[in-house]
Amino acid sequence: MFDPIEKEVTEQKELAKSIWNSFLTGMKDRIASVKETIVATVASGLDWVMTRLPWIILGVVVAIFLAILAAGRTYAAPLPETLTPEAQVRAVVHKVVSADPMDTGSCSAVTIAPNTALTAAHCSAISKMTIEMDNGVRYPVVAWMAAMNGQDLMLLMAPGLSCPCAKAPAYKAQADEPALAGGYPWGLAKFVTHGSIQGRIMYESSEYVLTDTPIAPGNSGGGLFVVRDGVAYLIGITVAYYAPGYSGPYLVVVVEELGRK
């Protein structure tokens, strides 16, 4: 005998079962979608990290260098103070050239820590940069990073480059203080020239030192030093052109205060 109540109960059970199955299917799809999103996000994050890893490493190096400057000392063994100031400058200034024989550009650089040197940012125009020592040994630059504030300043990473390293001053250079500039004018040879600090200017939101110490193209990236008690202290990186609006003093990127900014 047909029982309508039993039929209705059966239909309700089938409907509930269908709704439950649909719910489970939807949840499975949702979980799978969330899982794919998580995997994609993680992969994207890893890709972001890996593509920026060299810059992260350079950022760490910059932070270490800034701490070095703040402490007013070098990371590794300082220059022997038995050397003359001129010899101290010569020991830390090197030539930047290209590994490509077709590229004849050249600049200068200053060793500030093992495997690390400072130069002018516009020297990045040199292809396949290498740091050349007095004995002809070359250390390829494997990574570099220009200053974030627009200054004509660049950090170079060259594995194998070793100290002597430039020494940072304990306080700012003063006007009329004797100065030495080290570099390779016109790429010819290493020169150390004498002069003095003339003052400071602000140009495009950055501070520069003005000096009458002779420099020329090729000196770009070399160092400007002050001498105190027989020790040469790095205060700036030369950029080898006249300061805007000035007819004589040369423009030098300040590095003495980086660790305290």
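The values are calculated or read from the model by the stated rules, or taken from the named source; none is laboratory data. Please read all numbers here as calculations on a predicted model, not as lab measurements. FYI the Cβ positions are ideal-geometry reconstructions off the backbone, even for glycines, and counts take in every protein chain you see.
Return the total of residues in the range 201-210 being farther than 15 Å from residue 233 by Cα and surrounded by 15 or more Cβ atoms within 10 Å (Cβ to Cβ).
5
Within the range 200-228, residues that are without any contact (Cβ under 8 Å) to a residue 12 or more places away in the chain sit with their Cβ atoms under 9 Å from residues that are buried (at least 18 other Cβ atoms within 10 Å of the Cβ), at 6+ positions apart or across chains, in these pairs: 202/208.
A quick yes/no check of all residues on (1) in the same structural domain as residue 225 (by TED's automatic domain parsing); (2) modelled with pLDDT under 90; (3) more than 19 Å from residue 181 (Cα to Cα):
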residue: 99; (1), (2), (3): no, no, yes
residue: 102; (1), (2), (3): no, no, yes
residue: 111; (1), (2), (3): no, no, no
residue: 135; (1), (2), (3): no, no, yes
residue: 138; (1), (2), (3): no, no, yes
residue: 142; (1), (2), (3): no, no, yes
residue: 145; (1), (2), (3): no, yes, yes
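I'd like to know if the range 187-199 contains one or more residues that are closer than 14 Å to residue 222 by Cα, without any contact (Cβ under 8 Å) to a residue 60 or more places away in the chain and of a type in the set (Ser, Thr, Tyr). Scanning the range 187-199 turns up at least one residue that is closer than 14 Å to residue 222 by Cα, without any contact (Cβ under 8 Å) to a residue 60 or more places away in the chain and of a type in the set (Ser, Thr, Tyr).
A quick yes/no check of all residues on (1) of a type in the set (A, V, I, L, M); (2) on the phi < 0 side of the Ramachandran plot; (3) free of Cβ contacts under 8 Å to residues at least 40 places away in the same chain:
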{"position": "97", "(1), (2), (3)": "yes, yes, no"}
{"position": "100", "(1), (2), (3)": "no, yes, yes"}
{"position": "106", "(1), (2), (3)": "no, yes, no"}
{"position": "110", "(1), (2), (3)": "yes, yes, no"}
{"position": "118", "(1), (2), (3)": "yes, yes, no"}
{"position": "129", "(1), (2), (3)": "yes, yes, yes"}
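Every test in (1) of a type in the set (Gly, Ala, Ser); (2) within 20 Å of the chain's Cα centre (by Cα); (3) on the phi < 0 side of the Ramachandran plot; (4) in the same structural domain as residue 252 (by TED's automatic domain parsing) is passed by residue 205 save one, and that test is (3).
Do we have any residue at all in the range 189-200 that's assigned by TED's automatic domain parsing to the domain that holds residue 232, under 15 Å from residue 234 (Cβ atoms) and of a type outside the set (Ser, Thr, Tyr)? Yes, because at least one residue in the range 189-200 is assigned by TED's automatic domain parsing to the domain that holds residue 232, under 15 Å from residue 234 (Cβ atoms) and of a type outside the set (Ser, Thr, Tyr).
Checking each residue in the range 148-188 for being surrounded by fewer than 17 Cβ atoms within 10 Å (Cβ to Cβ), over 21 Å from residue 200 (Cβ atoms) and aromatic (Phe, Trp, Tyr) picks out only 186.
For residue 202, the conditions (1) out of contact with any Leu (no Cβ under 7 Å at 6 or more places or on another chain); (2) in a strand (DSSP E or B); (3) modelled with pLDDT of 90 or more are fulfilled apart from (3).
Considering each residue of the range 237-245 in turn, at least one proves to be in a strand (DSSP E or B), among the hydrophobic types (A, V, I, L, M, F, W, C) and at pLDDT below 90. Remark: pairs (first residue in the range 150-178, touching a residue at least 60 places away in the same chain (Cβ under 8 Å); second residue surrounded by 15 or more Cβ atoms within 10 Å (Cβ to Cβ) and basic (Lys, Arg); Cβ separation under 8 Å; 6+ apart in sequence or on different chains) = 169/228.
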